Amino acid sequence: MLFDTDILIWMQRGNRKAAELIDQTPARCISIITSMELLQEAQKQLHHRIIKDFLQKLKFDVLPLSENIGHRALVYVEEYALSSGLTAADAIIAATAAESGMPLCTSNQKNFKPIQELELRIFKPGQGIAKG
């Protein structure tokens, strides 16, 4: 399963349901953009090391940006940015999931819902996961 950035943030903030979800998922993946978003929020070099250790310890596979992912993300921005508020970062995450044939786990249903080819797993911080 591909995890959206928000799920990792929920876990880092101590959300037990997010931690359980990640722990129960054997194949954990994130887009390269998620890795960059997490690092971008770091305030100190130490935080960079903590984030990298966190991803490594939990055995997340970081999926790289490919030509196909980039092209699909561009199509998503053209199609959904105005109507649904899809950002470039979310388009790359969605395209990574679609190109990899993985469900996308997110608590941000609004921006991803219009993308028909995505298999969504909607995370609700107080409840856990539901099929989107």
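All of the numbers you see were taken from the coordinates with simple rules; none came from a lab. No experiment lies behind these values; they were computed from the predicted model shown. Please note: Cβ atoms are built from the backbone with ideal geometry, for glycine as well, and neighbour counts cover all protein chains shown.
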State the antiparallel share, in %, of DSSP beta bridges confined to the chain, rounding to the nearest 5. 30 percent
Can you sort Leu46, Leu118 so the residue with the fewest Cβ neighbours within 10 Å comes first? Leu46, Leu118
If you work out Rg and Dmax of the Cα atoms in Å from the coordinates, which of [x] 15.9, 51; [y] 14.6, 49; [z] 14.2, 40 do you get? [z]
Quote the charge dipole size of segment 2-131 about the Cα centre in Debye, to the nearest 20; the model charges only the Cβ of Lys and Arg (+1) and of Asp and Glu (-1). 620 debye
What FRET efficiency comes out for the pair Gln45/Ser83, r = Cβ-Cβ distance, R0 = 41 Å, nearest 0.05? 0.55
Given charges at Cβ of Lys, Arg, Asp, Glu: the chain dipole, positive-most of Gln127, Met102, Gln40: Gln127
At 20 °C and 1.002 mPa s, what whole-number value in µm²/s does Stokes-Einstein give for the translational diffusion of segment 85-132, with Rh from the Kirkwood sum over Cα pairs? 199 µm²/s
Relative contact order [Cα under 8 Å, 6+ residues apart], the chain, whole percent: 29 percent
Met36 versus Asp53, label points 7 Å from Cα toward the beta carbon: distance in nm? 2.6 nm
